Every structure is written in structure tokens, then in C-alpha cells.
Amino acid sequence: MSAGRRTVSTRAVVVGALLVSLLLAGVVSLYAASTPDGLTKVSQDQGFAETETEHGAADGPFAGYDAGFVDGDLGGAVAGVAGVLVVLVLGTALTAVVRRRPGAGEPLDQTGP
Amino acid sequence: MHVPDGFFDAPTSIATGVVAVVAIGVSLRGARRELDDRTAPMAGLVAAFVFAAQMLNFPVGAGTSGHLMGGAVAAVLVGPWTAVLATSVVFVVQTLMFADGGITAIGTNITVMGLATVVVGYGVFRGLQAVLPKRLALVPVLAGIGAFASVPVASLLFVALYAVGGAAPVPLDTLTTAMVGVHSLIGIGEGLITFLAVAGIIAVRPDLVRGARPVLAERTLEIRTETTGATA
């Protein structure tokens, strides 16, 4: 490993990647294709799309990646940003719980490359 | 490829639910060994990235789109056990908060889009890594190839499940052709996004990419034996 590669701190990588994720979910997603996805299209073509039933959470405030309480495009942006943050918090919390469990962080792997 | 409520009968949905619960339980144990001081800060972030990237539907042919599934990119970045947990978090949030993917189909979606793409994506990645030269520049390429392969295989798993417990009688040969066809195209996007994400982290901190560790270990050895520095 060259010395130059180590100058970027882990914190900088994490913050940078988080900003990219927020940008993708909050801005770029507004320009994403709105055509049906692969499975939806196949289910329409093959005639089993109508077996879909009402989603139990269809009336939620963020249903369909659209924050219903915000007007226009901004609703999609708010939903995307909120989703990234919720997933980040839950993922980080789950990771922390896993690490705190007995046997976590055994020296076995910390001596790795 | 989020499966909505109603596509599968109850026994199939329950069976995939059991598969998902068992897989998550096993992964909770497996992830303990993966989550060291370098992987742990990345795990929640990888889940957040997969969520964000899944919002980006890209066009594949007329009137159809696709988006990242994410098992391969997550597994290469933080390890396969942690990847199962990270993608599962994404699918649970998507169904409960965004009504994307049926609530009764959560087990199916975790199994097909999460588990399958982790197993296939990471399996292909490690398989290629074992037989090809240990070069850092190859890591994002092999990750991309694994990601590309994982999507049509996931679509095949969907077809297999549909054959067992699909809600409508659909000819399996045409369903297979249609699903694998469109998801091979979507796989190209999966491969590209995976390549870019892995290459991006490797460019700044290769040691934070778990799938690059065998290569970094090899490289350290090479530098010790070749004092010319030509390997850098």
C-alpha cells in the first residue's frame, strides 16, 4: 500500500459516500425511468399483473417514494433522502448490535491484511 | 423486481419467509466475523447506498426499466454475511415505508433479490478471483461480472418459485424467456453500477473493500520480494 492511499480518512470516505447516496436518492432519482420494471412488464405481458393485491402500507406518508405531504418533485426528493437516512440508521444500529454480541470482534479477523 | 402482494400463494410466501429468517439468523452470526474496525463503518453506508441506487430505474428496451438489486456490490464491499443483513434492511424499509414490494412478499423479495444476488454475485466474484491474477485493478471488474450474472439467476429463481406457487397459470417456457431476457439486460446495469461503486472506494481506500483484501495481502508480499517497485 502506498503512503498516498492512506491519506483519505475512513470518516471522509463514509461522509463522501453518504453524500453521493443522498444525491442519488434526492436528486438523480427524479430523472429515473418511470416505465414499469422488468418483473412488472413481464407480469403485464404474460397476463398475471392483475393478481397483484392492494399493498397494506399503500396509504403511508412515503408510499410510492413520494412524500405526500410535500408538493411536486420535492416530494420524491424528500422521500429519497428520508429513505437513505432511515436505512443508514437501521443498518448502522444492526451492525452495532451484531458487534456487541458475544464473540464479536474476535482477534481472528483483526490480524487480517 | 420487487414482488408485490398476491403474486404467490400463501405456502410459498411462508416458505420464502422462513428461508429469509433463517438466512438472516445465520448471517447475524457470520457478520460478527466480518465486522471489524474497517468494515463496520461501511455496513450501514452500503445499505444506504443500495437503497439510493435502487431508486434509479434505468431504461432497458422499449417501455421497460430496471434497477440495482445490490447483493453483489454489498458482498464485495463488506462481505457476504453483512451483505445479507444490509440488503434485508433495504427491503424491509422499502415495503413498510414506501409500499414497494408486498408485505406478504417480504420473504420472497429478501430471498430472490437479496440472498440470490449475494450468493451468485459473491460466488462468481470469489471464483474468478481464485483463478485470475491477484491484481487490485481486477477487483471492480470481477465484482461487476459477478453482479451481472446475479440478476438473470435471481430472475430464474423467481420463475422457479412461480412454478411452485404462482397465483396464475402461466406457461413456464415463455415466462422463463421473458424474465431471463429482460433481466440479462438489467444485469448489465447492475454490473456497471457495481463496477463504479467498488472502483470508487478502491481508488481512495482499497483496504475498506473487503473483497480486495486477498489482493492487498498478495501485493504486500510481492513488494517485499521485488525491490524494484515495478509492481506498484
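The values are calculated or read from the model by the stated rules, or taken from the named source; none is laboratory data. Quick caveat, the model's predicted, so the values are computed rather than measured. Neighbour counts are summed over all protein chains in view; Cβ atoms, including those assigned to glycine, are modelled from backbone coordinates with ideal geometry. Surface areas here come from the heavy atoms of the whole protein model, side chains and all, with no ligands, DNA or RNA. Shrake-Rupley method; radii C 1.70, N 1.55, O 1.52, S 1.80 Å.
Figure note: A:GLU54, B:GLU34 ranked by solvent-accessible area, largest first, 1.4 Å probe, ligands and nucleic acids not counted: A:GLU54, B:GLU34. Using only side-chain charges placed at the Cβ, +1 for Lys and Arg and -1 for Asp and Glu, the dipole size of chain B relative to its Cα centre rounds to 660 debye. For the set A:LEU19, B:LEU138, the ranking by accessible area, highest first and with no ligand, DNA or RNA atoms included, is A:LEU19, B:LEU138 under a 1.4 Å probe. Taken over the stretch B:10-225, the ratio of Cα radius of gyration to 2.2 N^0.38 Å equals 1.03.
Normalised by the number of residues in the stretch B:10-225, the mean separation of alpha-carbon contacts (under 8 Å, six or more apart) gives a relative contact order of 25 percent. The phi torsions of the stretch B:137-146, fed into the Karplus equation with coefficients 6.51, -1.76 and 1.60 and a -60° offset, translate into couplings of 5, 7, 4, x, 5, 5, 4, x, 5, x Hz, rounded to whole numbers, with Gly and Pro shown as x. Less than 5 angstrom separates the built amide H of B:LEU68 from those of B:LEU56, all sequence-distant by 5 or more or on a different chain.
Across the stretch A:5-95, Cα-Cα pairs more than 19 Å apart make up 59 percent of the total. Compared with the dominant principal axis of the Cα atoms in chain B, helix B:40-54 is inclined by about 50°. Backbone geometry of the stretch B:27-36 corresponds, through the Karplus equation with coefficients 6.51, -1.76 and 1.60 at θ = phi - 60°, to 3J(HN,Hα) couplings of 5, 4, 6, x, 5, 4, 7, 7, 7, 9 Hz, x marking Gly and Pro. Summing Cβ point charges (Lys, Arg +1; Asp, Glu -1) relative to the Cα centre of the stretch A:31-82 gives a dipole of roughly 160 debye. Compared with the dominant Cα axis of chain B, that is its longest principal axis, helix B:213-225 is turned about 10°. From the alpha carbon centroid of the stretch B:1-47 to that of the stretch B:85-164 is 11 Å. Rg over Rh for the stretch B:98-232 works out to 1.12, using Cα positions for both radii and the Kirkwood form for Rh.
Once the 1.4 Å probe is applied to the protein heavy atoms, the protein assembly as shown comes out at 42 Å² accessible per residue. Across peptide B:150-158, the average count of Cβ atoms from other chains found within 10 Å of a residue's Cβ is 1. Each of A:GLY83, B:THR12, A:SER9 was scored by the projection of its Cα onto the charge dipole of the protein assembly as shown, and the greatest displacement toward the positive side belongs to A:SER9; charges sit on the C-beta of Lys, Arg, Asp and Glu. Computed about the Cα centre, the dipole magnitude for the protein assembly as shown is approximately 1760 debye when only Lys and Arg (+1) and Asp and Glu (-1) carry charge, each at its Cβ.
Per residue of B:20-29, other chain Cβ atoms within 10 Å of the residue Cβ number 1 on average.
Considering every Cα-Cα pair within the protein assembly as shown, what fraction, in whole percent, is farther apart than 32 Å? When every Cα pair of the protein assembly as shown is considered, 28 percent fall beyond 32 Å. Using θ = phi - 60° in the Karplus curve 6.51 cos²θ - 1.76 cosθ + 1.60, the 3J(HN,Hα) couplings for the stretch A:16-27 round to x, 5, 5, 4, 4, 4, 5, 5, 5, 6, x, 10 Hz; x is entered for Gly and Pro.
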